[in-house]
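Step one of this worksheet: look at the structure below.
The values are calculated or read from the model by the stated rules, or taken from the named source; none is laboratory data. Remember, it's a predicted structure, so these values are computed and weren't measured experimentally. In this analysis, Cβ positions are derived from the backbone assuming ideal geometry, glycine residues included, and neighbour counts consider all displayed protein chains. Side chains are part of the model used for accessible areas, which takes the heavy atoms of the whole protein and leaves out ligands, DNA and RNA. Shrake-Rupley method; radii C 1.70, N 1.55, O 1.52, S 1.80 Å.
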Amino acid sequence: RQAVFSEHKTPEMATPYTFDTHAQGPPELSDILGREKRGSIAMDGILRSEALVRAISGDSADFAAGLTLLLPTNQAFQQLDEIPEDVEKVLERHFIPQKVTAEQMKEGVTVGAYEGTVLRFTESDGRVFVQADQRSPVEVMGAGTRAGSGTYFLVDQLFV
């Protein structure tokens, strides 16, 4: 049996993407993120993009080196006057096409987001922050939640 997400189909998505509900092995981010209530608004945006759905499902060559997701919380969206029309592009700034550990973040690693934004991590007073290009630094919360297709960390702001 497969779950089909056709209600989120966009003109760019030729066919709806399906998740295998009888998959073996460790859960993928797609399995775990569906239960992350603090990021439900972001998940709605992710499900509108075939590329991002494939990334969290472990089915994307673009993320062959791993996936680190800086998942915006619902609070991040609630700080905005309105959800951006290009929410999928905004969310691509939160997807890193490689594994970045909490330790690497503390060491101040610089990486590129999926859509090209430069993300710089820093540590201050035991807390980790990420700065997207010249935007204000945003705190990265927690040590990350791992799954077969990558790791996600929560952030309370969108990189808009």
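Could you please find all residues in the range 105-121 being more than 17 Å from Leu158 (Cβ to Cβ) and small (Gly, Ala, Ser)? Passing the criteria: Gly108, Gly112.
Of the listed requirements (1) free of Cβ contacts under 8 Å to residues at least 60 places away in the same chain; (2) closer than 20 Å to Gln157 by Cβ, Pro97 misses just one: (2). Each residue in the range 115-132 was checked for being without any contact (Cβ under 8 Å) to a residue 60 or more places away in the chain and either buried (at least 16 other Cβ atoms within 10 Å of the Cβ) or among the polar types (S, T, N, Q) (or both), and 9 pass.
Hey, can you tell me all the residues within the range 112-153 that are farther than 17 Å from Ala55 by Cα, in contact with a helix residue (DSSP H, G or I) (Cβ under 9 Å, 6 or more places away or on another chain) and among the aliphatic types (A, V, I, L, M)? Those that are farther than 17 Å from Ala55 by Cα, in contact with a helix residue (DSSP H, G or I) (Cβ under 9 Å, 6 or more places away or on another chain) and among the aliphatic types (A, V, I, L, M): Val128, Val130, Val138, Val140, Ala143.
What number of residues within the range 100-109 satisfy the criterion of being open to solvent by 50 Å² or more (accessible area, probe 1.4 Å) and either in contact (Cβ under 8 Å) with a residue 60 or more places away in the chain or under 25 Å from Gly58 (Cβ atoms) (or both)?
Filtering the range 100-109 down to residues open to solvent by 50 Å² or more (accessible area, probe 1.4 Å) leaves 101, 103-104, 106-107.
Those left that are additionally either in contact (Cβ under 8 Å) with a residue 60 or more places away in the chain or under 25 Å from Gly58 (Cβ atoms) (or both): 101, 103-104.
So the count comes out to 3.
Would you call Ile46 of a type in the set (Val, Ile, Thr), buried (at least 23 other Cβ atoms within 10 Å of the Cβ) and over 18 Å from Asp133 (Cβ atoms)? Yes; evaluated as a whole, the condition is true for this residue. Exactly one residue among Val155, Val160 is touching a residue at least 12 places away in the same chain (Cβ under 8 Å), out of contact with any Phe, Trp or Tyr (no Cβ under 7 Å at 6 or more places or on another chain) and open to solvent by 70 Å² or more (accessible area, probe 1.4 Å), and that residue is Val160.
Determine if the range 6-27 includes at least one residue that is closer than 22 Å to Arg146 by Cβ, β-branched (Val, Ile, Thr), modelled with pLDDT of 50 or more and open to solvent by 30 Å² or more (accessible area, probe 1.4 Å). Yes: the range 6-27 contains one or more residues that are closer than 22 Å to Arg146 by Cβ, β-branched (Val, Ile, Thr), modelled with pLDDT of 50 or more and open to solvent by 30 Å² or more (accessible area, probe 1.4 Å).
Among Val130, Val140, Val160, which is the only one that is farther than 29 Å from Gly25 by Cβ, at pLDDT 95 or above, out of contact with any His (no Cβ under 6 Å at 6 or more places or on another chain) and not in a helix (DSSP H, G or I)? Show your work before the answer.
Details: Val140 fails: farther than 29 Å from Gly25 by Cβ; Val160 fails: at pLDDT 95 or above.
Only one candidate passes the filter, namely Val130.
Scanning the range 133-152 for residues that are open to solvent by less than 20 Å² (accessible area, probe 1.4 Å) and not aliphatic (A, V, I, L, M), which turns out farthest from Thr110 (Cα to Cα)?
Let us first name the residues in the range 133-152 that are open to solvent by less than 20 Å² (accessible area, probe 1.4 Å), namely 138, 140, 149-150, 152.
Add one more test, that the residue is not aliphatic (A, V, I, L, M), and what stays is 149-150, 152.
Working: Ser149: 21, Gly150: 18, Tyr152: 17 Å.
In this case the residue turns out to be Ser149.
Residues in the range 98-109: is at least one within 21 Å of Ala55 (Cα to Cα) and among the charged types (D, E, K, R)? Yes, the range 98-109 has at least one match.
The set of residues in the range 145-155 that are part of a loop (DSSP other than H, G, I, E, B) and modelled with pLDDT of 95 or more is empty.
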